[in-house]
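See structure below.
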Amino acid sequence: QMQLVESGGGLVQPGGSLRLSCVVSGIRSSVYTMDWHRQAPGKQRDLVASISPGGRTEYGSFVEGRFTIVRDNPSNAVYLQMNNVKPEDTAVYFCGAPQFHSWGQGTQVTVSS
């Protein structure tokens, strides 16, 4: 059974950095596209970043070069490095394997001074 477990969220000041982790079990994540999405209260879920099996990446327009999605294939994990965060980045961040319509439970990121 597939599981995706996110961690690394928390409270960070504007301009700070966070690294979100997603540990995957039940599938070999390296052969699938993996995504990070986010959802703020009262708003729709948005794609933050996506990485293909070949390493091609895509980002939401709001990222503006601040975030990086990377894989660690030996660890079967996917990471989201978030730099220069803004208050509008506050949301629950979800790791997902879209081909399986499967998502983790999410990790809360709060950007506030």
Given the condition under 15 Å from Trp103 (Cα atoms), in contact with a strand residue (DSSP E or B) (Cβ under 9 Å, 6 or more places away or on another chain), surrounded by fewer than 16 Cβ atoms within 10 Å (Cβ to Cβ) and touching a residue at least 12 places away in the same chain (Cβ under 8 Å), answer yes or no: does some residue in region 66-84 qualify?
no
Does region 51-62 hold any residues that are out of contact with any strand residue (DSSP E or B) (no Cβ under 7 Å at 6 or more places or on another chain) and surrounded by 13 or more Cβ atoms within 10 Å (Cβ to Cβ), and which are they?
Pro53, Phe62
Looking at Thr107 and the list (1) farther than 16 Å from Ser7 by Cβ; (2) of a type in the set (Val, Ile, Thr); (3) open to solvent by 10 Å² or more (accessible area, probe 1.4 Å), which single condition is not satisfied?
(1)
Just give me the residues in region 85-104 being open to solvent by 30 Å² or more (accessible area, probe 1.4 Å) and modelled with pLDDT under 95, in sequence order.
Pro98, Gln99, Phe100, His101, Trp103
Please work out which residue is nearest to Asn83 (Cα to Cα), limiting yourself to region 1-36 and to residues that are among the charged types (D, E, K, R) and either open to solvent by 60 Å² or more (accessible area, probe 1.4 Å) or over 10 Å from the mean Cα position of the chain (by Cα) (or both).
Arg19
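The values are calculated or read from the model by the stated rules, or taken from the named source; none is laboratory data. What you see is a predicted model; the values in this text were computed from it and never measured. So basically every Cβ, Gly included, is an ideal-geometry build from the backbone, and we count neighbours across all protein chains shown. Quick note on the areas: whole protein, heavy atoms, side chains included, nothing else; ligands and nucleic acids left out. Shrake-Rupley method; radii C 1.70, N 1.55, O 1.52, S 1.80 Å.
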